[in-house]
Structures are given as structure tokens and as C-alpha cells.
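To start, the structure under review is shown below, and the notes come after it.
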Amino acid sequence: MLAGAWYGARNEEATPVLVLSQSVLAGDTLSKDQLRAAPLSSSDSLDAIPVDQVDGYVGKLLTGSLPEGALLTPSMLTDAVDIPDGTALVGVPLSSSQMPSLALHPGDRVTVVMGASPGNGGAGTELGLTTPGRTWPAQIVAIGPLRESGLVTVDLAVPDESATDLAAAAATGNVSVVLHPQEAEPAQETPAGGETSR
């Protein structure tokens, strides 16, 4: 399909490169059906990925949310984040008001913070899980798609001993994520029209 998209081009100075055929979210796994080919002059971008290298990038994680038609470059993709020994994965559903407007990426270091609940009631109160201001350090492993509810599930790696407490707190829907950019993985470039890069 990718080769077919390039068939018929006549400009010998242009190279078929990979662009997105649909919008994607940070943390998505890149697949061939999300890609199409487009001609690009060799002078336009040295970072574009040629179509014949597609197999080397399919299966990698997107480091940022990107619109349909965005030119794909190696810096927009990363290998799966390794989960250190002694850690567990916890999925935390978040709304836009529960995380920074700056795009989150796999590998980012964050702190999950418990918010104040009206009356401080609900699940986990007896164990102190809903104590306002309680925190859990974590690392982002993956970011799911935006659901119809307006929530995005962020998969976090946390120490084994903290996993059940964080899961119980996340179930209340009253946690927020604080990003620590200075502790994040190396910044990844995002093209104009995409999320803000660090």
C-alpha cells in the first residue's frame, strides 16, 4: 500500500517518505495502517523517514500526539520503556484538568497527587488512601487513546509496594499528575501543529 501511494510520481529529486494517514496519540504503537507515503524534496528535511525504512519503525511508540498528515521523523518514536525490576504497572484514568497541558510522553517522571474530596469520604478513607496531598512517584510507560468519556488512561510504573494503594486512589477519580520535565527522558521534537515539545 505504501509503495502504491507513491506510484506515478515523476519528480526524480523527490523521495517518498512516511507521513501519518490519521491522527495519533502519545503512547500509541505505530502501525502500517497509520501511514502513507508522500513525496519530499531532499532539501526539505533530512530527518524524514524514507518509505523503504518503514519496517524499522513500525511497532515503536509515538512520543507525542500528532495530527493527520504530520511528517514522521525518528525523534517522534521511541522503543518501549523498560519497566525496572521491583515495579508494577497501574493504569490511572485522567481528564485534561488532572494533568499538565504540556504533552506527556512514555519515560516521563511524574508524581501522582491525591486531591481533596468533598467530605473526605469514599473508598480508601479508612486506610488514608484519600488523604489530600498524598503522593506517589511514578514513570509513564504508555498513554492510551482519548475515550468518549474524555478520559485518557496513563500507565504508570510504580514500586511494587505502592501499586495497590495507587490503584485504589486512582479508582476514586480524584488524583492528578505532576510532571517533572527536568527528570524526563531526552526531549523529542514535534512538528508545527503538534503538541508542544520539551
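Name the residues in region 77-92 that are at pLDDT 85 or above, under 14 Å from the mean Cα position of the chain (by Cα) and buried (at least 17 other Cβ atoms within 10 Å of the Cβ), would you?
Leu77, Val92
Just give me the residues in region 164-198 being hydroxyl-bearing (Ser, Thr, Tyr) and at pLDDT 50 or above, in sequence order.
Filtering region 164-198 for residues hydroxyl-bearing (Ser, Thr, Tyr) gives 164, 172, 176, 190, 196-197.
Those that are hydroxyl-bearing (Ser, Thr, Tyr) and at pLDDT 50 or above: Thr164, Thr172, Ser176.
The values are calculated or read from the model by the stated rules, or taken from the named source; none is laboratory data. Please read these numbers as outputs of a predicted model, since none were measured by experiment. Every residue, glycine as well, gets a Cβ built from its backbone with ideal geometry; the counts of neighbours run over all protein chains shown.
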